[in-house]
Amino acid sequence: MSTLTCTKLTLLTLAAVVIQIIGLSLFVLGFFPVKPALSGVSGPESFTSPVCPSAEDHNFTIQSPDELKSLYLELSNISPSYDRLILMVVDGLPAEFVLGRDDRPAPEIFRKSMPYTQSLLDRGVATGYHAKAAPPTVTMPRLKAMVSGSVGGFLDVALNFNTQELLDDNLIGQFFKIGWKMVMLGDETWLKLFPRSFTRHDGVHSFFVKDTVQVDHNVSRHLDAELLMIDWKLLMLVSDHGMTENGNHGGASYEEADALMLLIGLRDYDRRPSTHKTVNQVDITPTLALLFGVPIPINSAGILIADTLKSLEAAQQLRALELNTWQLFRLLQAQLPDLSCSSSCGVDKDGPGNDIGECDGNTEEIFCCLYIKAADLHKAWKSCQVLGSNKVEDYRSTVLAYNDFLRTASEWLSRRATNKPVGLLAFGLTGMILSSLILLSLLYQLEQDVCMIKEDRTSHFSSRMHKWHMDEIFVMAIVCFLVLSMGSSSLIEEEQYIWHFMTSTLYFLLLRKAVQSISSVNTQDQGNFMERQIKRRFIQMSSIIFVLISGRILRGWHQGGVNWTNFPDISKWLESEGTAYIKPVQLVSLLLLTTSGFYALSFLRPSKRFVIVVGLSFLFPAILVLQYIINYQSSGVPASSNNATLLVQIIYATLGTTTFGIVVAVPWFMPVRNPKGCSSHHYNVLHVGIADSLYLIGLVYIICWGLLQLLLQQPINSAPILLLLVQILASMCSSSNSDPEPKQWVEVAVVYYLGMAGHFALGNTNTIATIDVAGAYMGVSSHSTVLSGILMFMITYAAPMLALLSMLINLSRRSKISLVNAQDVDLHFLLKTTLAYPCLVPLGLNSIFLVAYTTILLLMRNHLFVWSVFSPKYMYVCATTACIYIGVLIVASTVFYTYSTLGLRKMWIR
Amino acid sequence: MEKAEKKLKLSTNSNSTLLPISSLYTFILHTICGLGLALAYWVAHNVYSVSLVNDPTQTLRLIWVIEAPIVILLFSGFRQHPNQCSYIKAVGRGLLGLPAGAIVNALGAIALGAPVGIQHFSKTANWSILMSVFTIVPTASVFGSSWIEWRRIFAHAKPNGPIDLLICLPAHGAVIGAWFGAWPMPLDWERPWQEWPICVSFGAMAGYMVGIVASFSISLFQKHLKKE
């Protein structure tokens, strides 16, 4: 029979974790392509060539919008064709309904429902296009694509923490900068995207799909007034995406991607029905920008629609193409750092570049070649124009060359942004599944080993098969329920309910088990033993009931979720009562946290003096935190003041050094004496010392973490931190008093679940908006993304980390138990039977969730809510994985350190 | 433990509570319990024209007002130790069990996340009284305050005999049904029946019915086995 050795177990676990990390990062890179984009906003510099920077140093110091407007006009050399734009966006109108498909006209029923539009099209007043939308064909990303021209990735959305505002360079922003007055009528989504840009607006909430009247009415009641002024204007009718036959959208099918673009009022239009061309939705951005004389937004991947410029002179048309080319070239340079083409500068070629035939080579060379070709032709054309000997063919070939470059560049850019490398995704998922299987099989093997050892020992007592208890089954059922619930977007939004429901049910089952075990005591022998048993049952049941009650309070503290955030909860009530209520709660929490820490410390028997020293060393940081709460938090003093920052930094330093010092010192100085009443045969210096040290270190960790969280979290979260800490202690207390010794994996899983329920009890949700950004700058004197990121992570994962750190206490008790029972104990055996579960169970559980959720994300990649619900949740799943790694690493390294130190001490004593 | 149970069996047999009951009798017993609930729902729906969805408080009250007497009167007839305990006393125990069980059920529901607040009070109260009728009241009527029996029925779920089955299975069915009934509550379907305690009550009643059917089938099956 094969048994796991300690080394094999460690190595396999490490291998599984490494495979998981690789798989996860491959998947994330494949699913959320990080496209290097340019930051900032296009300005006057976009009218200069990116390849050959002109010698003159433009120093644009423009303040007023009017000045900027005239500067743009001067630089671009293109006279704006229109000065008013009406952009009408229809949600989910397929171009097929208006323009038909594949040269067939639209069906009669649709033609009849939009008679005026059809008459405009027939007369040739309007020009229609199929504007191909890129997936996800969901309103918000499409609106962003239309105004910024960029093909969105997810990560850049995720990184704009709690704002829906469009921060990328976009048309609305450009118009605003040159002093345009903008009016928005209709869906309030636009107001969320551009909160400060509109001079007048009237937005309505249009969430309810069937209400097609409300927004329309709201728009049309303003139109008469807004349209009174008549001057040169362009009406652009676009739709954000199409839809399938039954009205769904989000995916990439022809029907869903088939959006409409209709230009009405072009000055120079063909007076005949156009053959409806296909353009890309992102082409709207450069077209509008050039038509209205603003720089093209910096990350736009679109190419201008040539038909719209027909009213301009040839030189101006070429200039527009040139500007578009420069902008795309800059964007290409951001993604292909080797693309410079600087060789073409300075050297004035005499020929118009007709020596260059087909362009080939690697990507950079192709782009460079295409660019140079177009630029040379343009230059030649310009020099001919000065001489007055312009030829139409030269003009045509220049336009063709520019279009070649633009089309190639645009296609390359959008393909890069939307393509999902299937191989990478599959490889990543396989890696995660493999690591999950390794972890689970290790757990299974370990459980078999532990059972075998137990059976060896108790074979005379009962040799029958292990009967599954309700709580053990339910711990596994929770995994199934959670995995199933992840498929529903609303259960992801309201995940806090599931964790609380599951954890509470689990504790009810534990309570039931406790009641069961009373009976087995009742019928056994009477007297002193009986009395002790009753006391143990009482402690066990009352701590379970305490966990249940505090769990309910935690659930009621923050309503959480997405759909019912307006429901009353304790935090809202406290906040409405003001600081007069919050501050006492905070102070009481601090006091109780410190007290319960000391109380738990007092259980450590060996040396009172030693424990008192440890306890007192935590009094100092506690007092500092108290001082911070009294002086700075929620009392009107800005928390960013220098004194506050200094104090916070002192607290960080004190807490850090105290914890580190204690953890390093404890195994060396922990007094080791044989407890009275125990034969020295089973107990020896090493083992007593290990159990006591681990208990003490575990407590030190969670007290330190609790104090730190009291400082970092919002004031309102101080009581939940206390409750969580006491809840975990109570849970440990209940399992240490339960009588058929509960399986260690059940204990660990229960604490893990408590931690996850606590994560949501602190007000976290699966949307990115609830991350506490304010706390992330506490004690950080200069802006540092890394430090703030770490603080943000610590605030968000306070509860799971607390649960993981508390595993050390469980470990300490377990090592005591295995000491009492085992005949001959060596380090490896002890490590395997105690440390393996606290590491393997969280890793294993998390690996199941990770695999399940990755699969769901893949299945849902075309779902309507993939960007708003599923992807943010995936970010949280990844962060939880990181949290588990860190927690397990801390626990494992602490245990290794303690064991080796005490091993050394034992050697010296001998 | 086992010894105690054997002793218990002996004592129940000697007191001749659980006489061998005929299949017809078992059937009638189960039917009354099930039909009582159906009747209550029918009365609420057709006589008072209220339903769980549009007026949960009123409906739940009607259901328990009709179901509680049926359960108490029926189960008091099967009380343990009928020689030492009069029928009236058993009815009294059942009546006492009603509010006590309601408190236990309400606390359990709140611990699992039921909303707390004055506006929810009457709904929670009526729901928990109904749950008490399903779970605690029959046991209270039959076994009174016998700790061993309560533990056997609820902690160990080891019924023996048709009456035990009729107490144990529908009670567990109601609790498990209510537990599953709570699942649709967080979904954003915006349906009126997702409110507390409507879907939970539906779940509880469905679970109770399933429990009755299961208990009847098992008792028939056991009888069949015995005959063979």
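The values are calculated or read from the model by the stated rules, or taken from the named source; none is laboratory data. Being a predicted model, the structure only gives us computed values, none of them experimental. Cβ atoms come from the backbone with ideal geometry, glycine included; neighbour counts cover every protein chain shown. Just the protein is used for accessible areas: all its heavy atoms, side chains included, with ligands, DNA and RNA removed. Shrake-Rupley method; radii C 1.70, N 1.55, O 1.52, S 1.80 Å.
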For region A:109-122, state whether one or more residues are assigned to a strand (DSSP E or B), open to solvent by 50 Å² or more (accessible area, probe 1.4 Å) and at pLDDT 80 or above. no
Hits in region A:384-402 - residues which are in contact with a helix residue (DSSP H, G or I) (Cβ under 6 Å, 6 or more places away or on another chain) and at pLDDT below 80: A:N390
Scope region A:123-141; condition open to solvent by 30 Å² or more (accessible area, probe 1.4 Å) and touching a strand residue (DSSP E or B) at 6+ places or on another chain (Cβ under 7 Å); matching residues: A:K132
Given the conditions (1) more than 14 Å from chain B (Cβ to nearest Cβ); (2) surrounded by 14 or more Cβ atoms within 10 Å (Cβ to Cβ), which single one is not true for A:I544? (1)
Search result, residues across region B:125-184 that are without any contact (Cβ under 8 Å) to a residue 40 or more places away in the chain and among the aliphatic types (A, V, I, L, M): B:A125, B:I136, B:I153, B:A155, B:A157, B:I176
Residue match in region B:198-213 (condition: within 14 Å of chain A (Cβ to nearest Cβ) and either touching a Pro at 6+ places or on another chain (Cβ under 8 Å) or not in a helix (DSSP H, G or I) (or both)): yes
Please work out if A:N522 is at the interface with chain B (Cβ under 9 Å from one of its Cβ atoms), over 41 Å from the mean Cα position of the chain (by Cα) and modelled with pLDDT under 90. yes
Inside region A:481-491, can you point out the residues that are hydrophobic (A, V, I, L, M, F, W, C) and either farther than 13 Å from A:F760 by Cβ or within 10 Å of another protein chain (Cβ to nearest Cβ) (or both)? A:F481, A:V483, A:L484, A:M486, A:L491
Restricting attention to region A:406-456, the residues that are modelled with pLDDT of 85 or more and hydrophobic (A, V, I, L, M, F, W, C) number exactly 17
For residues that are at the interface with another protein chain (Cβ under 8 Å from one of its Cβ atoms) and touching a residue at least 12 places away in the same chain (Cβ under 8 Å), tally how many sit in region A:498-512. 6
Give region B:104-126 a look and list any residue that's under 17 Å from the mean Cα position of the chain (by Cα), surrounded by fewer than 21 Cβ atoms within 10 Å (Cβ to Cβ) and away from every other protein chain (no Cβ under 14 Å), or say none. B:A125
Is it the case that region A:848-855 has a residue that's open to solvent by 50 Å² or more (accessible area, probe 1.4 Å), in a helix (DSSP H, G or I) and in contact (Cβ under 8 Å) with a residue 60 or more places away in the chain? yes
Here's a check for you: in region B:127-172, which residue that is open to solvent by 40 Å² or more (accessible area, probe 1.4 Å), of a type outside the set (A, V, I, L, M, F, W, C) and within 13 Å of another protein chain (Cβ to nearest Cβ) is nearest to B:F202 (Cα to Cα)? B:H172
Listed by range, helices (runs of 4 or more DSSP H) wholly within region A:201-301 having at least 1 residues that are modelled with pLDDT under 70 and open to solvent by less than 40 Å² (accessible area, probe 1.4 Å) are A:213-226
